[in-house]
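The structure is given below, and queries will be raised subsequently.
FYI, it's all coordinate maths here, none of it is from the lab. Being a predicted model, the structure only gives us computed values, none of them experimental. Backbone-built Cβ (ideal geometry, glycine too); neighbour counts: all protein chains shown.
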Amino acid sequence: MARVPRRILPGFRLTLGFTLSYLGVMVLIPLVACLVRVSSLTWPQFWGAVWTPRVRAAFLFSFEVSLSAAVISVLLGTLIAWVLVRYDFPFRRFFDSMVDLPFALPTAVAGLVYSSLYVESGWLGRFLVPLGINGAYSPLAVVLVLVFVGMPFVVRTVQPVLETFDGEMEEAAHLLGANRWQTFWRVLFPNMIPAAIAGFTLAFARALGEYGSVVFVSSNMPFKTEIAPVLIVSRLEEYAYPEASAIAAVLLGCSFATLVLINALDRWVRQNGT
Amino acid sequence: MLLIVGCGKMGHEILAATLRSKRHLQEPWWVRWSLIVFTVAVMTVLIVIPVICVFVNAFADGPRTYWDRIINDQETLDSIRVTLTVAPIAVIMNIIFGVSAAWLIARFKFPGRSWLIALIDLPFAVSPVVVGLMLILLFGRRGFLGPWLIEHDLKIVFAIPGMILATAFVTLPFVVRELIPVMEALGSDEEVAAVSLGANAWQLFWRVTLPNIKWGLLYGIILCNARAMGEYGAVYVVSGRIPNETDTMPIRIEKLFQNYDMPGAFAVASILTLLALVTLGVKVILERRARREMELAKQMRETGTPV
């Protein structure tokens, strides 16, 4: 992938200028506006907006559901990627392309349909509710819809890595006397870990900011099933802009920390070249 | 890479065949089949059943009633009109940006390049609700530009322009992210050849670059469009949810849902679900076509003759 010195191909200045101004206007200025608004708050004001029982409960709940959803996503997603890459079965291609559906399906639609599937009269709820599993208007409902949203990220990060396993490593392990389980556990699995972690981080970051699907499936009860983005919206509807921006700043901080983590991981994976 | 949407499946046939031919590299049949059954079950419950559920609920009272629910509801019709106004403009903005940024990143080396890539990925990490909030803080009545906007009688927040900005922010990375890997894989040989033969920038783009990247670009556009039409959180915050004026289709779904009009909500949802399914279908077709062209190009390079 040789990159040509900038003199030969035209358009360097034009594209640089346009790209930077577009990003500046679209992304940086709004971001700076938010940060300036937050920094104009005094410390006690900021603290008073962020450190209340309701905000703490919302962040705690957000972290709980996002973390559970990311853990479930990484387990299911890795397994799905494995099966899709390694085995042949009827309708494999169909299931493979359906993995992308949550990328293309509006979150509001996902929320709507999940909320109707798991209620007592719903298609799945009628079997699950009698068993005591309540998948609607409960923390479980939020986790379910976040798994729907996050799982494809894991599949699509793990899948390309699995496709690079061409059987040679396994052949070597077999010749050295490893059985199938040892080969998987000692040879294949360690090579899948970096991609799985990257997928986990993506699913987690996405879950933390998710709003559309969650408002449909959660009862959004303050102190119980209210997530941080829902809290921001309710502060906005009270026209409490300073409080809303303070909470948003904390949420932004969490998202950026996740983003930095992804990039660090990406670099680490590249250096240790799988 | 942050989002790998268009990852290839070229290797599967070869890989599966290799593994099949070597019995000792296969898991025992019962392990294989229980994993397959489990995967199919999970995918069915998580993804396939919800899709079927949308259409069954939408058509529960027959296609006639379904049609009436969409056509005879002025608010629903208006929400479709608003979505068809907001999404295309945001998508066009991101196409122009995407092509420009991909050219810059895939063809030139310059200091700060990796920072630029990180900046492009940033919208993935920002909660849509926060995007809406940022725009209100900037353009709202009490925002930084608020007084100036009121003075000039301009309305951005709680109106279409703000919704376009919010949608464009959220969907910003999709076209670029699709183009960069395609352009990097293609390399710049053909473009350098064109320039050395005297092509100007305009000819270079329309005659060489665009034909090469067209399938990747098309998929980027279609995915970006699906996301733009379905965007909810950011638009919810900046639109003000004025009926008949700033309600988009996803917001209309939420309003119908809140009014316990489930058939109506599912009718609107079915349109967006169809859009998502078409997006996936187009992806499959484009991937197949791109693969075929790649193989043809490889063959040409090896034999030195056009096929």
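Mind checking the log10 I(q)/I(0) for the stretch A:43-271 at q = 0.10 Å⁻¹? Debye, one equal scatterer per Cα, no solvent, two decimals.
-0.56
Can you give the extra length, in nm with one decimal, that the chain gains between A:Ser121 and A:Glu171 once fully stretched, where that is 0.36 nm per residue apart less the Cα-Cα distance?
Here the segment from A:Ser121 to A:Glu171 would lengthen by 12.8 nm.
Something else now. Grab the DSSP H runs of chain A that are 4 residues or longer, score each as -39,500 (n - 2.57), total them, divide by all residues and round the 222 nm result to the nearest 500 deg cm²/dmol.
-22500 deg cm²/dmol
Right, next: If the label point is 7 Å along Cα→Cβ of B:Phe55, which residues in the stretch B:267-307 have backbone nitrogen under 19 Å from it?
B:267-285, by backbone N distance to the label point.
Now, a different point. Would you kindly state the longest site-free stretch of chain A, with sites defined as GluC sites (Glu not before Pro) in a DSSP loop (not H, G, I, E, B) surrounded by at most 13 other Cβ atoms within 10 Å?
The longest uninterrupted stretch comes out as A:1-119.
Grab every C-alpha pair in the protein assembly as shown, bin the distances at 20 angstrom width from 0 up to the longest one, and report whole percents.
Going out from 0 Å in 20 Å bins, the protein assembly as shown shows 19, 53, 26, 2 percent.
Would you please report the Å³ per residue occupied by the convex hull of the alpha carbon atoms in chain B?
211 Å³
Work out, in µm²/s and without decimals, the Stokes-Einstein translational diffusion coefficient of the stretch B:63-137 at 4 °C, 1.567 mPa s, Rh from Kirkwood over C-alpha pairs.
81 µm²/s
With r defined as the distance between the Cβ atoms of B:Val45 and A:Phe12 and R0 fixed at 60 Å, what FRET efficiency is calculated, to the nearest 0.05?
With a Förster radius of 60 Å, E is 0.75.
What is the sum of charges around B:Pro263, taking Lys and Arg as +1, Asp and Glu as -1, for the other residues whose C-beta is under 10 Å from the C-beta of B:Pro263?
-1
As a test of the formula, what do you get for chain B when each DSSP H run with n ≥ 4 contributes -39,500 (n - 2.57) and the sum is divided by the residue count, at 222 nm and rounded to the nearest 500 deg cm²/dmol?
Roughly -24000 deg cm²/dmol at 222 nm, from the helical runs in chain B.
Provide the three semi-axes, in whole Å and in decreasing order, of the ellipsoid equivalent to the stretch A:1-158 as defined by the square roots of 5 times the Cα gyration tensor eigenvalues.
Working through the eigenvalues yields semi-axes of 38, 32, 14 Å.
Say R0 is 22 Å: what FRET efficiency, to the nearest 0.05, do A:Leu75 and B:Ala185 get from their beta-carbon distance?
The pair A:Leu75/B:Ala185 has a calculated efficiency of 0.10.
Turning to a different aspect of this structure: When all alpha-carbon pairs of the stretch A:191-274 are counted, what percent fall beyond 19 Å?
The calculated P(r) of the stretch A:191-274 puts 51 percent of pairs beyond 19 Å.
Ok, one more. Would you kindly derive the ³J(HN,Hα) couplings of the stretch B:258-270 from the backbone phi angles with the Karplus curve 6.51 cos²θ - 1.76 cosθ + 1.60 (θ = phi - 60°), listing them in order in whole Hz, with x for Gly and Pro?
Couplings: 5, 8, 6, 9, 4, x, x, 4, 5, 4, 5, 4, 5 Hz.
Let me ask you something else. For the stretch B:26-179, what percent of Cα pairs sit more than 19 Å apart?
That tail contains 73 percent of the Cα-Cα pairs.
Looking at the P(r) of the stretch A:222-265, how many percent of alpha-carbon pairs lie beyond 16 Å?
Cα-Cα pairs of the stretch A:222-265 separated by over 16 Å account for 46 percent.
Compare the peptides B:104-111, A:202-209 by average per-residue count of other Cβ atoms within 10 angstrom and give them in order, highest first.
Averaged packing, sorted descending, gives the order A:202-209, B:104-111.
Using the Kirkwood radius built from alpha carbon pairs, what does the Stokes-Einstein equation give as D for the stretch B:107-191 at 25 °C and 0.890 mPa s, in µm² per second?
160 µm²/s
For the stretch A:1-151, calculate the relative contact order in percent as a whole number, restricting contacts to Cα pairs under 8 Å that are 6 or more residues apart.
Computed value for the stretch A:1-151: 23 percent relative contact order.
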